[in-house]
Amino acid sequence: MCGIVAYVGKKPCQSLLLEGLKRLEYRGYDSAGIAVIQDGALRLCKAVGRVSNLEDKLESIGNFSGTIGLCHTRWATHGGVTEANAHPHTDDRNGIAVIHNGIIENYAALKTYLQEKGHVFKSQTDTEVLAMLIGELYEGDLEKAVQAALREVTGAYAIAVMCEREPGTLVVARKGSPLIVGIGADEFIIASDASAIVAHTARAITLEDYNVVRLTAEGFRTSTIHDVPVTPRIEQLELELQEIELSGHSHFMQKEIHEQPKALRNCFRGRLDAKDGRVILGGLADHGKQLTNLRRVVLTAQGTALHAAMIGEYMIEDLAKIPSIAEYASEFRYRNPIIEDGTVVVAVSQSGETADTLAALQEARERGALSLGVINVVGSSISRNTDAGVYLRVGPEIGVASTKAFTGQVAVLAMVTLFLARRRFMSADQCADLIRALETVPDKIEAILAQNDRIRRVTEKYVERDNWLFLGRGYNYPTALEGALKLKEISYIHAEGMPAAEMKHGPIALINEGMPAVFLANRGRQYEKVMSNIQEVRARGGHVIAVATEGDEEIRRYAQDVLYVPDIPECLSPMLTVVPLQLMAYHAAVLRGHDVDKPRNLAKSVTVE
Ligand code: M6R
């Protein structure tokens, strides 16, 4: 969602700030703004739309030259997409400028209080309230004013603040939203995401919730909002610059689809032991006894991560024989869930910052559940709030449409399943067979990717159609949901995914002449039933695109188009069957002329409820 970049040091900072902001464009936003203190005075510029609009505006008013500044990309929550609502926001007395990610939940009450004190607001945002509050509490020390203001607010925030009256001082703080302080030579680069920092430094302070840092070109001081000094945790950022560049690809989504074999090899490295029929997951090792005695698994997530979690649910029940359920985090957290002894809650999230997933996890922990994370971003909020976990290790995912994180999540959940199953009923031989099958996944994905041109040609045939169905059964019912989500989020085609059997209970009414219906029809326990469903669609004029197992010639009699995937045990098949669907969605979006990596209205990481 929103992106933050700030700088204090000895160099003119405008170009560094804008370059950082461009690195954060993938997070999704609708307006952008920058503030710099130049010759002791605050200069501000905002624009609706892309960062390039902001650059054009700066060019026309004259570029800024100060050595301290902040900039921001906003994804609208409180108030529409307007320049007035774009960040930075300022107070009305002291030349204080604030950028903010998150939501100040008690902003309405604070606004009334501040209006009664005579403050006049120019925007509808919660952030302007925070800027005014800091201004109201300012008595010549910005750090103290920020601490005092943050003691008054509830909600989530990552903020950066500066003030005309202290032109060399930047104050940053976080609670519930990510913020990283990069340490350079005589300078600090602050951002909500490491990708805006790694071009300058790999040394960084990772802040805990309620930490406040006062920064000048000469050094920094870390404290809590109650002014208790904190010893900072300084770490090396692991991100490499080339991991966040397009490297010859047209889009990050395309790059990430094609990176899947490599990403999964990395995910499996050192974790699979086919010889002894066991999976080695260091992150779970300390909880072996609790995991052996598990009675129930609740997997919780949103979006694509929920689809992976659903596959995890099927695998854990089927292979480890533990009752399992996958649930939207947003529903789980508010429905007063029952957490009995022996329950483990598994939060699945690429970013590790999804607000609903984090909140669901906290709810479950408060009720006594053991918590595990299946997360990609190391050190993210969710990963820091779990008892244990397994990282995906698929590398940074920049494309808003999640691809390699999905296959990584399913791969990790497969490993977690085998880890649990071996502690219960699964023999070493059975486990070894599945491990050997898992090891073939990267090569098999490569074979599917080699069919890219054919998949594009099939997509071309149907790309003008505005309604699509995705149908699957068992392990590939969640894959159908994922195929539909991929198509709709980047190509804006209406698509519905569902269990193939559900079609007859209503959605079959939608089928008309030529409507594309994508069937996950690979070999599995319910293959014959899927064939019957295919015929029901054909009988009503629908066009069937079947994802089938190599060697299945029979299916050509029923489907207009067949996309083949290599054979693999059914429980692992979603990692293969999803790949043609990812490619179809990608090609459909490109063919329709959409900006694949910046789909309208979407943010990469949904950090508000
Ligand atoms: O970062 P997370 O995995 O927690 O994100 C969850 C969803 O917001 C995410 O998977 C979303 O559905 C994807 N953009 C879909 O491609």
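The values are calculated or read from the model by the stated rules, or taken from the named source; none is laboratory data. As the structure is a computational prediction, the values presented were derived from the model and not from experiment. As a convention, Cβ positions derive from the backbone with ideal geometry for all residues, glycine included, and neighbour counts pool all protein chains shown. Each accessible area value is taken on the protein alone, full model and side chains, heavy atoms only, with ligands, DNA and RNA left out. Shrake-Rupley method; radii C 1.70, N 1.55, O 1.52, S 1.80 Å.
Here is how the numbers come out for the structure above:
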| read-out | value |
| --- | --- |
| Angle in degrees between helix 355-366 and the longest Cα principal axis of the chain, rounded to the nearest 10 | 80 |
| Under 18 Å from the Cα of LYS262 - lysines, other chains or at least 8 residues apart | LYS404, LYS444 |
| Packing-based ranking, highest mean first, of 395-403, 189-197, 75-83, 146-154 given that Cβ atoms within 10 Å are counted | 189-197, 395-403, 146-154, 75-83 |
| Region 3-243 shape via C-alpha gyration tensor axes, a/c threshold 1.5 | rounded |
| Solvent-free Debye scattering, log10 I(q)/I(0), computed from the Cα coordinates of region 231-326 at q = 0.12, 0.14 Å⁻¹ | -0.67, -0.88 |
| Between region 235-272 and region 1-33, the Cα center-to-center distance that results, in Å | 23 |
| Accessible surface of the chain [probe 1.4 Å, protein heavy atoms]: carbon and sulfur percent | 47 |
| With Cα atoms, 0 to 90° folded angle of helix 527-539 axis to the chain main axis | 80 |
| Tensor-based shape of the chain (alpha-carbon gyration tensor, a/c under 1.5 rounded, otherwise prolate or oblate) | prolate |
| In Å², nearest 10: area of VAL463 left accessible to a 1.4 Å probe | 10 |
| Å² of accessible area per residue within the chain, as computed with a 1.4 Å probe and no ligands counted | 37 |
| Charge sum, other residues only, whose C-beta stays under 14 Å from ALA145's C-beta, Lys/Arg counted +1 and Asp/Glu -1 | -4 |
| Fraction of antiparallel bridges per DSSP, the chain only, in percent to nearest 5 | 60 |
| Accessible-area value, LEU239, 1.4 Å probe, nucleic acids and ligands omitted, Å² | 40 |
| Taking all pairs of distinct alpha-carbon atoms in region 282-441, Kirkwood radius in angstrom | 15.4 |
| Simple spin-label estimate for HIS226 and GLU240 in nanometres, 7 Å along Cα-Cβ | 4.4 |
| PHE121 accessible area, assembled protein chains, probe 1.4 Å, Å² | 40 |
| Centre separation in Å (Cα based) which lies between region 321-397 and region 153-209 | 26 |
| Under 21 Å from LYS504, Cα to Cα: lysines that are on another chain or at least 8 residues apart | LYS529 |
